[in-house]
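Colleague: After the structure tokens below, expect a handful of questions from me.
The values are calculated or read from the model by the stated rules, or taken from the named source; none is laboratory data. Every value quoted in this text rests on a predicted model; they were computed, and no experiment measured them. A quick note on method: Cβ atoms are made from the backbone with ideal geometry, for glycine too, and the neighbour counts reach across all protein chains shown.
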Amino acid sequence: MNYQKLKEKYGTPLYIYNVDVMKENIIQYQNNFKSNQFETEIIYASKAFNIKAMLRLLMRYGLSLDVVSLGELYTAKKVGFPMQKIYFHGNNKSEEELRYAISEEVGIIVVDNLMELKLLDELAKGLKKKINIYIRLNVGVEAHTHKYIVTAHVDSKFGVMYDGKEYREMLEVLQNSPYIKLQGFHSHIGSQIFDLAPYDAVIEKLVKMIKDFDRPLGINLGGGFGVSYTDADHPIPFDVVSKHLIQTMEAELKNQNVRLHKLSIEPGRSIVAEAGQTLYTIGGVKQTPNKLYYFIDGGMTDNIRPALYEALYHADIVGKENQFKNKIATIAGKCCESGDVIIENILLPEAAKGDLLITYSTGAYGYSMSSNYNKALTPAVVFVEEDKDELVVRRQSLDELLEREI
Ligand code: LLP
């Protein structure tokens, strides 16, 4: 990657995505997540990185899409994403969002709770539309990951407890509704998971759930498959993950003598994280009594994950990748906030003003969680495919920053 050229062309900070890596990830899933006993489906969790160019790429591969807001859904609509391939998630979807999803004939609404189901039933009656749903279940499986990213513990805001009163009331509503059809169950147990055992537990529980129905339903296992941010992370290759889930499911179906209509997974991070890098320019170096800072021209506004989750990243000084790393540096952003640090204590060569710094594995939840704090401008996004670069999101301008202010 010619970072210098990209800087001259697009400026920094800059999000750079290697499209070939994303394609490879998609293909790994597609080639291995299949069974001859049930249908399979790969649903990209677009919260990880949802821009038009990304959705167009997914369309080329025929993936399905998970959206969680009107904004994500509208982006899909704008690129002509097939609405039937969309799963609409969310713990508190508004009436406006649900109406929009129904009128656009979104494939599946993943219903989070009883209140939502009742509202959906009313809306469906009013609009005289049939709606296909999954129910999001809290299966009580806890995946060991950062506490902010865990979703399926007993007090989670997501989903209904699989054996609770609310769940049974939902089944009653469904029995009496000519408009709403249950197509399956969904569970998402967390993110950046390196262990497949929690998924095995989920499979066992969900197969038990669908056993009670007189027709084959679907099971959506959510996403969460871990990626490598630093050398300390050892993700399970996606082909192994895929085969494991399929085999576990096949064995469990046999074991419990159950038929499954479709098995889905919802990877977000694992498709885009390692494909993305962020390019910065070092504006200055500061030595305090105990710390050496390298100041970059972005920071928590383009990557909030270190501040929010204590997430770790790896970095290099462009052109000095193979030089002796004799400095312990802290990479700090430019926000008026001490917590605006991208990497704490990383071994790097000596840097000078004007050097370029690249951080790796920033493709997931970087751009999508970016902010205008301190009125920083959102960086541009570039896709690089077979060495050709293409601008897919323009850098925000000052006027765009103020566009909505009256
Ligand atoms: N499906 C559902 C219902 C989800 O809630 C999520 C992520 C996914 C799929 C995709 O998970 P993934 O494969 O990307 O791990 N902002 C946090 C991550 C929050 C994940 C929320 N849900 C971060 O930056 O680490």
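Colleague: Checking residue 50 against (1) within 22 Å of residue 372 (Cα to Cα); (2) in the same structural domain as residue 296 (by TED's automatic domain parsing), which single condition isn't satisfied?
Modeller: Status for residue 50: all satisfied but (2).
Colleague: Out of 34, 7, I need the residue that is part of a loop (DSSP other than H, G, I, E, B) and among the basic types (Lys, Arg). Which one?
Modeller: 34
Colleague: Same structure again: If you check 104, 116, which single one turns out to be over 17 Å from the mean Cα position of the chain (by Cα), over 28 Å from residue 250 (Cβ atoms) and within 16 Å of the ligand (Cβ to nearest atom)?
Modeller: Result of the check over 104, 116: 116.
Colleague: Farther than 29 Å from residue 71 by Cβ, away from the ligand (no atom under 16 Å from the Cβ) and not assigned by TED's automatic domain parsing to the domain that holds residue 58: which single residue out of 347, 279 fits that description?
Modeller: Just one listed residue meets the conditions, 347.
Colleague: Now a separate question. Considering only the stretch 327-357, how many residues are crowded, with 20+ Cβ neighbours inside 10 Å and assigned to a strand (DSSP E or B)?
Modeller: 9
Colleague: Sticking with this structure for a sec: Answer with yes or no whether residue 312 is in a loop (DSSP other than H, G, I, E, B), under 14 Å from residue 342 (Cα atoms) and either modelled with pLDDT of 95 or more or assigned by TED's automatic domain parsing to the domain that holds residue 227 (or both).
Modeller: yes
Colleague: Could you pull out the residue among 141, 79 that is assigned by TED's automatic domain parsing to the domain that holds residue 210 and within 16 Å of the ligand (Cβ to nearest atom)?
Modeller: 141
Colleague: For the stretch 45-73, what are the residues that are free of Cβ contacts under 8 Å to residues at least 24 places away in the same chain, over 14 Å from the mean Cα position of the chain (by Cα) and at negative phi?
Modeller: The answer is 56, 59, 60, 71.
Colleague: Has the stretch 268-277 got any residue that is in contact (Cβ under 8 Å) with a residue 12 or more places away in the chain, assigned to a loop (DSSP other than H, G, I, E, B) and over 26 Å from residue 24 (Cα atoms)?
Modeller: Taking every residue of the stretch 268-277 in turn, none turns out to be in contact (Cβ under 8 Å) with a residue 12 or more places away in the chain, assigned to a loop (DSSP other than H, G, I, E, B) and over 26 Å from residue 24 (Cα atoms).
Colleague: Check residue 210 against each of (1) within 13 Å of the ligand (Cβ to nearest atom); (2) under 30 Å from residue 164 (Cα atoms) and name the one condition it does not meet.
Modeller: (1)
Colleague: Follow-up. Are any residues in the stretch 131-164 charged (D, E, K, R) and either on the phi > 0 side of the Ramachandran plot or modelled with pLDDT of 95 or more (or both), and if so, which ones?
Modeller: The answer is 136, and nothing else.
Colleague: Taking into account only those residues within the stretch 225-273 that are among the basic types (Lys, Arg) and more than 13 Å from the ligand (Cβ to nearest atom), which is surrounded by the fewest Cβ atoms within 10 Å (Cβ to Cβ)?
Modeller: Checked the stretch 225-273; the qualifying residue surrounded by the fewest Cβ atoms within 10 Å (Cβ to Cβ) is 254.
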